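The values are calculated or read from the model by the stated rules, or taken from the named source; none is laboratory data. Just so it is clear, the model here is predicted, and its values are computed rather than measured. Reconstructed Cβ throughout: ideal geometry from the backbone, glycine too, with neighbour counts over all protein chains shown. Surface areas here come from the heavy atoms of the whole protein model, side chains and all, with no ligands, DNA or RNA. Shrake-Rupley method; radii C 1.70, N 1.55, O 1.52, S 1.80 Å.
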Amino acid sequence: MSAQSVTSLPLAHWQRELAQAVSDPARLLQMLELPPSLLSASRLAAAGFSLRVPRGYVARMRKGDAYDPLLRQVLPVAEEAVETAGFRFDAVGDLGAMPVPGVLHKYQGRALLVATGACAIHCRYCFRRHFPYAEANPAQEGWSAALDYIAADSSLREVILSGGDPLSLSDTRLSALSGALQSIAHVKTLRIHTRLPIVLPERVDDALLGWLAASRLRPVMVVHANHAHEIDAAVRHALGRLVATGVVLFNQSVLLAGVNDSVQALAALSEALFDAGVTPYYLHLLDRVQGTAHFEVDEARARDLMHGLRACLPGYLVPRLVREQEGMPFKLVLA
Ligand SMILES: *Cc1c(COP(=O)(O)O)cnc(C)c1O
Ligand code: SF4
């Protein structure tokens, strides 16, 4: 299909909603009835990494609360300009594990495809805020270098679409990619790492479910929610449709100061996830990238929180506390 005919397709509902995402800090503060005194710091921080948040996600925030746990994840703040020793620009050694542009192959049997640099939301703590997406774009030449790499290594059983957020790509492109992957016989599982079902549940529509259901690949989705307030009725509905389509659902969170660094918040998150058909998988310690130090929870405190969680939840609702460690053959499980 030519680029011309792709762009002339009518936009899906979720794409129209995405185009309406809030990107002006003044508008966000106004929607939440917050004082304009927060604006100048926010504008400054947004110049380095822009504000982006879907309106439906804003609607889940409490009005008048500058410390709302959802707002903290997206509002650009002055602390982002603080330079902190020990915080780097390439936090997880990604650039060293890229055999061809956009493919990260760190772990046995699994290759991760940086499918796009785009996201529906900009999370201030994101470890990819400094990632050179322009140099790592596997979509150039129709994914051919990435697909050739995966086809040439028969130890690869699982392909992980990540990013950015892979579900910010159109279903036309995703179903073409999934089709190419399923023609590689040794690939059995297609895993999608995405925050879209949480931040823009309209993304889970008939077109997405259609190509997922049609694929021979076993579908796994790892969503990304950090707080129980993110999971409202629309999100539960979207996750329920994925489960009904046979998608196995897990969640990964990041442990974030001022967002979810209490036993009560983490337990409520696990219960809300379970209620929506999702199993808690990983709780990540923050990757130490510049501009995110104000979100850090230290390891001792994180272990205490895990202890508290184990004391109040069934074992299957306790995520694994992990840290990305360069050069290890797996993610380091701390508790
Ligand atoms: C996290 C990650 C994976 C997946 O690891 P699992 O432990 O299987 O969830 C795969 N590849 C890369 C590069 C990763 O960072
Ligand atoms: S959706 Fe994921 S990749 Fe995108 S900004 Fe948020 S944490 Fe980062």
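In deg cm²/dmol and to the nearest 500, what is the mean residue ellipticity at 222 nm of the chain if only DSSP H runs of at least 4 residues count, each as -39500 (n - 2.57), divided by the residue total? Before the final figure, lay out each step's value.
Numbers: 13 runs with 110 residues, N = 335.
Per the formula, -9000 deg cm²/dmol.
Residue separation times 0.36 nm, minus the C-alpha to C-alpha distance between Ala152 and Thr84: what's the value? Present the calculation step by step, with values, prior to reporting the outcome.
Values: separation 68, 0.36 × 68 = 24.48 nm, distance 4.16 nm.
Extra length available between Ala152 and Thr84 comes to 20.3 nm.
Run the reach check for Lys188 against lysines, Cα to Cα strictly under 20 Å, same-chain hits fewer than 8 apart removed. What comes back?
Lys106
Considering only protein heavy atoms and a 1.4 Å probe, what is the carbon-and-sulfur percentage of the accessible area of the chain?
Values: 7930 of 14470 Å².
The computed percentage sits at 55.
Determine the dipole magnitude for the stretch 179-328: charges of +1 sit on the beta-carbon of Lys and Arg, -1 on that of Asp and Glu, nothing else is charged, the reference point is the Cα centre, and the result goes in debye to the nearest 20.
Numbers: 14 positive and 15 negative charges, 121 e Å.
Using Cβ point charges on Lys, Arg, Asp and Glu, the stretch 179-328 gives about 580 debye.
Compute, for the chain, the length of the dipole vector about the Cα centre, with Cβ point charges of +1 (Lys, Arg) and -1 (Asp, Glu) only. Units Debye, rounded to 20.
So the magnitude is around 480 debye.
Which whole-Hz ³J(HN,Hα) couplings does the stretch 288-303 yield from phi under the Karplus relation 6.51 cos²θ - 1.76 cosθ + 1.60, θ = phi - 60°, glycine and proline marked x?
Running phi through 6.51 cos²θ - 1.76 cosθ + 1.60 with θ = phi - 60° gives 7, 10, 3, x, 10, 4, 5, 8, 6, 10, 6, 5, 5, 5, 4, 5 Hz.
For the chain, what does the accessible surface come to per residue with a 1.4 Å probe? Please give it in Å².
Values: 14470 Å² over 335 residues.
Result: 43 Å² of accessible area for each residue.
Calculate one ³J(HN,Hα) per residue across the stretch 44-52 by plugging θ = phi - 60° into the Karplus curve 6.51 cos²θ - 1.76 cosθ + 1.60, and present them in order as whole Hz with x for glycine and proline.
4, 5, 5, 5, x, 8, 5, 6, 7
Name the residues whose placed amide hydrogens come within less than 5 Å of the amide hydrogen of Val22, ignoring near sequence neighbours (fewer than 5 apart) on the same chain.
Amide H neighbours of Val22: Val53, Arg55.
Accessible area of Leu161, 1.4 Å probe, to the nearest 10 Å²?
0
Based on a Kirkwood Rh over C-alpha pairs, give the Stokes-Einstein translational diffusion coefficient of the stretch 12-81 at 10 °C and viscosity 1.306 mPa s in µm²/s.
Working: Rh = 12.3 Å.
Answer from the Stokes-Einstein relation: 129 µm²/s.
Non-local amide H neighbours of Gly163 (under 5 Å, H modeled in plane, Pro and chain starts lacking H): which ones?
Ala115
What are the residues whose amide H is under 5 Å from the amide H of Val254, where those residues sit 5 or more places off or on another chain and H is modelled from the backbone?
Correct list: His284.
Karplus couplings for the stretch 32-42 from phi (6.51 cos²θ - 1.76 cosθ + 1.60, θ = phi - 60°), rounded to Hz, Gly and Pro as x?
Values, residue by residue: 9, 6, 9, x, x, 4, 7, 5, 5, 4, 5 Hz.
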